[in-house]
Structure formats: structure tokens, C-alpha cells
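The values are calculated or read from the model by the stated rules, or taken from the named source; none is laboratory data. What you see is a predicted model, and the numbers here were worked out from it, not measured in a lab. In this analysis, Cβ positions are derived from the backbone assuming ideal geometry, glycine residues included, and neighbour counts consider all displayed protein chains.
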Amino acid sequence: MRKWEAAVVRSNRKTMSLEITPQGTVLVRAPLHLPKEEIDRFLQEKSDWIEKYLARVENINRAGEEAPLSMEDIHALADKALQVIPPRVRQLAARMGVTYGRITIRNQQGRWGSCSSMGNLNFNCLLMLAPAEVLDYVIVHELAHRKEMNHSPAFWAQVEAVLPDYRQREKWLKTQGKVLLARMRSGE
């Protein structure tokens, strides 16, 4: 458990709220005349939430400490992705009973993958730095669009049929993926 202190901002409001800034500051917004004891009790009740989000901010900020990826690194990742991703797409597409068009590897800043209406698939070369389970999730996600070109319950049922634990894989991508993307941005 890390040691943290909260900054209190009082204003003409009726309720309290919490915020974790990108710098890792815990900020409590509170009514003007609310006793300090009530603010302390509120912080104690929310301590698990605070710890969780401070850890997320720390992981994201740690990305700045990781070596930025050079263009040479990105090209090497793209070459590796061209060797790894197409065979895995073939396996998973056969399992899901779908077809697809062209596979392209990109150096994208905000997307892990995409599927066009023609069935062409794009994948981010940074997936080579993610665990294999996460790569499979992105591939299955894009292949599921071959049956459902949306994010409806039917789409998610397609994903879950292949990866019952897809939510854990998606969560990794949402939290740790930011660390990977930050390495690319800082290396440009």
C-alpha cells in the first residue's frame, strides 16, 4: 500500500467527488463547510479505489521511463508481426468459420486492429510486445466483425464463443496498452 495524501478543493457544491490527476495527485472536491472528519471518512471508504487508480496512473507514467521505440524498432516489430499474425489469423478464422481479405500491419497510434467492410484486416505492430493471449483477443475481435460489423450483443457473443475470458484480455489492452502506445509516440 503506497502512502498518499489528498488535496481538498472546497466549493459551493452539495456532494464530494474524487479525482486522480495524470500526475498521480488525489483530489477531493468537497462542500465549503463539510467537516474534515467527513472528508477523512470518505477517503477511507474510497481507499481501495484510490489505490487501484494510482497504480494505473503509475503504470501509464512508467511508460515514459521505457525506452522509446525507434523507427528501426518499429520496422522490426512490423516484420515480426508479418511472420506471426497471418498464420494465427488463418487458424482463428478457420475455427470461427469466417473468411477475410488482405492483412496489413500498421504502425498505429490509437488502434490495435480494424476490419473493413471488404474483410481486410489491419493490425498494430505493437501487438508483438503484448502477451499472445492479447494478440489472440485482437484477432478474434476483428474476425468477429466478419459476422457482425458492430459491437452489439451478438458481436460480443461471437468473441466470447472463442475466448470465454475475453474481458480479462480486453482489460489488459485498455490498461497496459497505453504503456505500449506511449513508447511509440515518444519514439517518433
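Assorted remarks:
- Scanning the stretch 171-186 finds one or more residues that are farther than 20 Å from residue 85 by Cα and free of Cβ contacts under 8 Å to residues at least 24 places away in the same chain.
- Meets criteria (farther than 16 Å from residue 75 by Cα and over 19 Å from the mean Cα position of the chain (by Cα)) for residue 182: no
- Candidates are the residues of the stretch 76-120 that are part of a strand (DSSP E or B) and farther than 17 Å from residue 163 by Cβ; the one that is nearest to the chain's Cα centre (by Cα) is 114.
- Residue match in the stretch 149-163 (condition: closer than 30 Å to residue 57 by Cα, modelled with pLDDT under 95 and out of contact with any Pro (no Cβ under 7 Å at 6 or more places or on another chain)): no
- Within the set 69, 126, the sole residue that is assigned to a loop (DSSP other than H, G, I, E, B) and either in contact with a Phe, Trp or Tyr (Cβ under 7 Å, 6 or more places away or on another chain) or crowded, with 16+ Cβ neighbours inside 10 Å (or both) turns out to be 69.
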